[in-house]
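The values are calculated or read from the model by the stated rules, or taken from the named source; none is laboratory data. Keep in mind that this is a model prediction, so the values were computed, not measured. All Cβ positions, glycine included, derive from the backbone under ideal geometry; neighbour counts span all protein chains shown. These accessible areas exclude ligands, DNA and RNA; they are computed on the full protein's heavy atoms, side chains included. Shrake-Rupley method; radii C 1.70, N 1.55, O 1.52, S 1.80 Å.
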Amino acid sequence: MFEKILVPLDRSSLAECVLPHTVAVARALGSELILLHILSPSDRQGGLRAVDPLDSQLRRAEAESYLEGVRARLQDVGVTAQTKVLAGDAAEQILAFARENQIGLAILSSHGQSGLSGWNVSSVVHKVIMRAPISLMIVRAYQPAQPDLAGLRYRRVMVPLDGSPRAESVLPLASTLARASEAQVLLAHVVQRPQMPRRTPPSQEDSDLADRIVERNRCEAEQYLEIVRSQLPPAAVESRLLISNHAAVALHELAEQENADLVLLCAHGYSGELRWPYGGLAAGFVAYGSSPLLIFQDAPAKEIAPTPAEVAAQKNGRR
């Protein structure tokens with residue numbers, strides 16, 4: 001499914017939280033791994049400096065040695081990888097490398113060398129997420145790390161579904177990952193109560209109408225989930241049907257309640273809006289979720305419109 005998986009590393013222990021997930025995913029999918037390190041043009045104090053050729057060569061040698069060490073650790077558990085060192089802005093180089101090398105999936109740590117912060121993802125990761133037209137996996141560096149490189153087994157893979165074929169496009173991937181770890185797939189669907197914005201409280205007639213809509217959608221959702229379940233190995237599939245005023249909030253709470261150790265969802269859902277790399281639900285899980293997250297990119301890169309900032313930057317000779 002993903003022939004090439006890109007794993008950016010910045011030589012920090014926080015960034016290395018992705019390695020057990022990398023092993024688990026690469027083993028399940030038989031993907032080719034590429035370990036990438038970006039040499040920053042700034043010094044340790046954050047200020048720009050003139051390029052020192054000797055220092056540049058030393059830093060590159062250190063980076064290559066580091067990646068070689070990681071590659072050897074992966075080799076010890078039966079996973080092969082290539083290594084690559086580039087120089088420049090980290091986010092821009094990751095995006096450019098992914099585009100130029102037909103990367104299918106990038107596995108990112110939420111935080112790295114800059115340390116943990118109150119933000120759910122670091123600035124570099126946020127930049128990559130906002131512009132990457134590929135599938136992404138985000139591992140939360142603030143969660144307890146898996147000490148055994150080859151010991152990670154997913155137990156519960158949660159898959160939010162909204163009834164659209166786009167959302168269902170993740171099911172083959174979910175089945176493959178779950179089968180490799182002998183995990184359960186948890187299908188989740190939320191029936192959302194219709195919104196009735198008005199200055200006065202809804203009348204009894206309004207409430208009755210909303211209840212009828214919810215009940216009809218609930219019956220349809222039950223049949224829908226049963227059909228999806230019938231297409232997957234029955235012993236490894238459960239489903240949850242929720243009714244809520246806020247679908248996103250309900251799904252976040254469900255992921256926590258069910259102890260999902262991987263949330264797997266499609267980049268776009270029922271609305272099918274492709275102007276941005278990710279729809280509202282996927283963006284919400286990036287910004288506020290706490291479980292490891294894999295977003296399957298269903299839209300071709302050419303269909304995702306560049307932002308006005310990207311267009312302006314390209315006109316000025318920047319990526």
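Brief remarks on what is shown
- Leading residue by the ranking (nearest to residue 194 (Cα to Cα)) among those in segment 221-245 that are open to solvent by less than 40 Å² (accessible area, probe 1.4 Å) and of a type in the set (Val, Ile, Thr): 228
- Residue within segment 132-140 that is more than 20 Å from the chain's Cα centre (by Cα), touching a residue at least 60 places away in the same chain (Cβ under 8 Å) and under 30 Å from residue 220 (Cβ atoms) present: no
- Failed item in (1) surrounded by 15 or more Cβ atoms within 10 Å (Cβ to Cβ); (2) at pLDDT below 95, with residue 58 passing the rest: (1)
- Pairs with Cβ under 7 Å, 6+ apart, first in segment 200-217 and in a helix (DSSP H, G or I), second open to solvent by 70 Å² or more (accessible area, probe 1.4 Å) and of a type outside the set (Ser, Thr, Tyr): 210/193; 214/193; 214/243
- Residue list for segment 1-44, restricted to those being small (Gly, Ala, Ser), open to solvent by 20 Å² or more (accessible area, probe 1.4 Å) and part of a loop (DSSP other than H, G, I, E, B): 13, 30, 40
- Boolean, residue 248 is touching a residue at least 24 places away in the same chain (Cβ under 8 Å), under 17 Å from the mean Cα position of the chain (by Cα), open to solvent by 20 Å² or more (accessible area, probe 1.4 Å) and over 26 Å from residue 5 (Cα atoms): yes
- Among residues of segment 61-86 that are over 16 Å from residue 22 (Cβ atoms), those with a Cβ under 7 angstrom from a residue that is open to solvent by 80 Å² or more (accessible area, probe 1.4 Å), sequence gap 6+ or separate chain, pair up as 85/60; 85/64.
- Single match in 92, 100 (criterion: within 22 Å of the chain's Cα centre (by Cα) and without any contact (Cβ under 8 Å) to a residue 12 or more places away in the chain): 100
- Flag if residue 9 is modelled with pLDDT of 95 or more, in contact with a Phe, Trp or Tyr (Cβ under 6 Å, 6 or more places away or on another chain) and either within 25 Å of residue 175 (Cβ to Cβ) or not acidic (Asp, Glu) (or both): no
- For segment 232-248, the criterion of being among the hydrophobic types (A, V, I, L, M, F, W, C) and under 20 Å from residue 287 (Cβ atoms) is met by at least one residue.
- Qualifying residue in segment 173-184 (condition: in contact (Cβ under 8 Å) with a residue 24 or more places away in the chain, assigned to a strand (DSSP E or B), over 22 Å from the mean Cα position of the chain (by Cα) and surrounded by 15 or more Cβ atoms within 10 Å (Cβ to Cβ)): no
- Out of 60, 73, sole residue that is farther than 24 Å from residue 24 by Cα and of a type in the set (Lys, Arg): 60
- When residue 118 is tested against (1) surrounded by fewer than 20 Cβ atoms within 10 Å (Cβ to Cβ); (2) among the small types (Gly, Ala, Ser); (3) touching a Gly at 6+ places or on another chain (Cβ under 9 Å), only condition (3) is not met.
- Leading residue by the ranking (nearest to residue 119 (Cα to Cα)) among those in segment 277-319 that are open to solvent by less than 70 Å² (accessible area, probe 1.4 Å) and of a type in the set (Asp, Glu): 310
- Only one entry in 256, 238 is over 25 Å from residue 5 (Cβ atoms) and either hydroxyl-bearing (Ser, Thr, Tyr) or free of Cβ contacts under 8 Å to residues at least 40 places away in the same chain (or both), namely 256.
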